[in-house]
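Data first, discussion second: the structure below is written as structure tokens.
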Amino acid sequence: MLLAKGIWIVVADGEKALVLENRGTVGAPDLALVFRAEAPEVIEASDRPGRMADVGPGHRSAMEQPDFHRLTAETFAGDLVEVLAARAGAGAMNKLVLAAPPQVLGALRDAMPESLAKVVVAEIDKTLTRHPVPKIAEIVAAEIDSL
């Protein structure tokens, strides 16, 4: 499979996402920014974790502190999928490549409706958000060519 003209590439991590479109050719990809999304700032609770009664007189157990970073990343993935599904439903794109770390790919898959899952042609389990766009094009093209 090749990085065809018009294909959308989502480059995401738990904090931000770049949605890019290949406006170039297969041999010379030219990725243009469609939109950028950022997760809201993680606000952690200032209270200590709660405690609950345990078996036995006077026994209490501490409750685990929620992982606010993970919860924010999962919510962000769900919000991103909603926007992508709306754009796909409107006909803005018909092929999609996902490039994200494994945990984010899993969150995207979990939130993805079947209609959007049908347009996903490749998944790349790499963190590419800190790379410049030309380098992203190079890495994604190489990964897709190896499939």
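Working note: Karplus 6.51/-1.76/1.60 with θ = phi - 60° gives region 132-142 the couplings x, 4, x, 5, 4, 4, 5, 5, 5, 4, 5 Hz, where Gly and Pro are set to x. A crude spin-label estimate for the pair Ala32 and Asp79, with each label 7 Å from Cα along the Cβ direction, gives 2.7 nm.
Using only alpha-carbon positions in the chain, the gyration tensor eigenvalues give semi-axes of 38, 15, 13 Å once each is multiplied by 5 and square-rooted (largest first).
I'm a student and want to see the number: the projected area of the Cα convex hull of region 66-147, averaged over all directions, in nm². Write down the numbers at each step before the final one.
On the way: hull surface 23.4 nm².
With every direction weighted equally, the projected area is 5.8 nm².
Considering only DSSP beta bridges with both partners in the chain, what is the antiparallel share in %, to the nearest 5? Each step should come with its number before you reach the end.
Working: 15 of 23 bridges.
Roughly 65 percent of the beta bridges in the chain run antiparallel, per DSSP.
For region 24-35, 3J(HN,Hα) computed residue by residue from phi via the Karplus equation (6.51, -1.76, 1.60; θ = phi - 60°) reads x, 9, 4, x, 9, x, 10, 7, 10, 6, 8, 7 Hz, glycine and proline entered as x. A helix-only calculation puts the chain at -10500 deg cm²/dmol for mean residue ellipticity at 222 nm, using -39500 (n - 2.57) for each DSSP H run of at least four residues, averaged over all residues.
Since every read-out is calculated from the coordinates, none of them should be taken as a lab result. What you see is a predicted model; the values in this text were computed from it and never measured. Here the Cβ is made from the backbone with ideal geometry for all residues, glycine too, and neighbour counts use every protein chain on show.
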